[in-house]
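I have placed the structure first, in the form of structure tokens, so that the comments after it can refer back to it.
The values are calculated or read from the model by the stated rules, or taken from the named source; none is laboratory data. Predicted, not measured: the structure shown is a model, and the values here were computed from it. All Cβ positions, even for glycine, are placed from backbone atoms using ideal geometry, and neighbour counts span all protein chains on display. We work out accessible area using only protein heavy atoms, side chains counted, and drop any ligands, DNA or RNA first. Shrake-Rupley method; radii C 1.70, N 1.55, O 1.52, S 1.80 Å.
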Amino acid sequence: MYVDATLGGGGHAEAILDRIVPGGRLIGIDRDEQALEQASRRLERFGGAVTLIRENFAAIRAVLLSQGIDRVDGVLFDLGASTMQFADPQRGFSFSVAGPLDMRMDRRQRLTASELVNGLAERDLADLIWRYGEERWSRRIARGIVRARPLATTVELAEVVRRAIPRRAWPRTIHPATRTFQALRIAVNDELSNLDNAIPAAAEVLREAGRLCAITFHSLEDRTIKHTFLRLSRGCTRSPGSSACTNGGKRWLRVLTKKPITPTPEEIERNPRARSAKLRAAERINT
Ligand SMILES: C[S@@+](CC[C@H](N)C(=O)[O-])C[C@H]1O[C@@H](n2cnc3c(N)ncnc32)[C@H](O)[C@@H]1O
């Protein structure tokens, strides 16, 4: 029994199912209804071996309980937005084609990027871009945005960001707005706190020697995974800012990747989006 906690288009789920069927079963979770539709078409041939559920992965325990499942052999997180989400201008994740300032993975939620961009005080906007984008020009960008408001589209926003950063400081390999867009996406989808909650919950549902794998695409996510794995391997699931151990000091994980696994040059050539990917894995102990 495996869980793909970030189903997306179903590519990883398909690869897992190819190895576990017949006999195995996979639960696929995503909070984006379009991802579920696409994955369900792709995984149709596996029939009853697959169950797809629209939910936040932070609720993984409740999802499994609702299926009468207590323990699983493996859980995979492939974090961030999907190719499909980036490719659809209407979703507002991409700055290359104009679309609304949306960026919600789950379109049932109310908060959109537009509310942050057009509604936050300049200082809060700057803090958000600094914190979640690690963008050193955050104050200038926030000032530029506030002066240009109201902004309606992704392309308008990208242009304002580009103009706010001195030309000599434009990054060489990415668009100058990349970090600002990442920051807004993380904030709209509350990505880091969902992850903080999901990793200990996933570790808890693993059976002895079950494995937890996480693929990240930027340093904030990678740091969250690394530190949570370390906490769980040292016997405390204390979350940042809290002093209490939530699992009574029991060691839950053995970390299998001292350093993250990164793609080979050949893989990057085949799949350029993988260039910043980092995979970390851990194994459940002491169930
Ligand atoms: C990088 S994509 C996964 C791609 C997938 N591995 C594949 O092979 O196609 C990440 C997916 O995770 C989903 N996602 C991100 N955060 C989530 C959360 N907190 N709960 C549920 N799904 C989430 C996104 O909607 C997106 O579809």
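Based on the Kirkwood radius over alpha-carbon pairs, what value in µm²/s does the Stokes-Einstein equation return for the translational diffusion coefficient of the chain at 4 °C and 1.567 mPa s?
The diffusion coefficient I find is 65 µm²/s.
Between 0 and 90 degrees, rounded to the nearest ten: what's the tilt of helix 154-164 against the longest Cα principal axis of the chain?
60 degrees
Just to be sure I understand the model, the point goes 7 Å from the Cα along the line to the Cβ. What's the resulting ALA121 to THR257 distance in nm?
4.0 nm
Grab the beta carbon distance between GLN90 and ARG147, set R0 = 30 Å, and tell me the FRET efficiency rounded to 0.05.
That pair, GLN90 with ARG147, gives E of 0.65.
By how many degrees, 0 to 90 and rounded to 10, does the Cα axis of helix 191-205 deviate from the longest principal axis of the chain?
Approximately 0 degrees, to the nearest 10.
Among residues other than GLU122 whose Cβ falls under 14 Å from its Cβ, what is the net charge (Lys/Arg +1, Asp/Glu -1)?
Net charge in that neighbourhood comes out at +4.
Please work out the C-alpha center-to-center distance from the range 202-237 to the range 75-120 and express it in whole Å.
The range 202-237 and the range 75-120 have Cα centres spaced 26 Å from each other.
Hey, what number do you get for the chain at 222 nm if only DSSP H runs of n ≥ 4 count, each worth -39500 (n - 2.57), divided across all residues, to the nearest 500?
So the helix-based figure for the chain works out to -12500 deg cm²/dmol.
Hey, if you put +1 on the Cβ of every Lys and Arg and -1 on every Asp and Glu Cβ in the range 73-190, which of GLY80, ILE174, PRO100 ends up farthest toward the positive end of that dipole?
ILE174
Taking the Cα centre of the chain as origin, sum charge times position over the Cβ atoms of Lys and Arg (+1) and Asp and Glu (-1), and report the length of that vector in debye to the nearest 20.
1100 debye
Rounding to the nearest 10 and keeping the result within 0 to 90°, find how far the Cα-based axis of helix 11-20 lies from the longest principal axis of the chain.
For 11-20 against the chain, the angle is about 10 degrees.
Per residue, how large is the accessible surface of the chain? Use a 1.4 angstrom probe and give square angstrom.
50 Å²
Percent antiparallel among DSSP beta bridges with both residues in the chain, to the nearest 5?
Taking every DSSP beta bridge within the chain, about 40 percent pair in antiparallel fashion.
Could you derive backbone 3J(HN,Hα) for the range 169-176 from the dihedral phi with the Karplus parameters 6.51, -1.76 and 1.60 (θ = phi - 60°), listing whole Hz in sequence and x where the residue is Gly or Pro?
In residue order, the calculated couplings are 9, 4, x, 7, 9, 10, 5, x Hz.
Work out the FRET efficiency for ILE20 and THR173 from their Cβ-Cβ distance, taking R0 = 35 Å, and round it to the nearest 0.05.
Approximately 0.40, to the nearest 0.05.
Over the range 1-154, what lengths in whole Å, largest first, do the semi-axes of the equivalent ellipsoid take, defined as the square roots of 5 times the eigenvalues of the alpha-carbon gyration tensor?
37, 16, 13
For the range 128-189, go through all pairs of different Cα atoms, get the mean of 1/r, take its inverse, and jot down that Kirkwood value in Å.
After inverting the pairwise mean of 1/r, the radius is 11.5 Å.
For the range 107-188, what is the relative contact order in percent, using Cα pairs closer than 8 Å and at least 6 residues apart in sequence?
37 percent
Given 0.36 nm per residue, what is the gain on full extension from ALA209 to GLU134 after removing their alpha carbon distance, in nm?
Roughly 23.4 nm would be gained on extension.
So, by mean Cβ neighbours within 10 angstrom, what's the order for 226-232, 2-8, 161-167 with the highest one leading?
2-8, 226-232, 161-167
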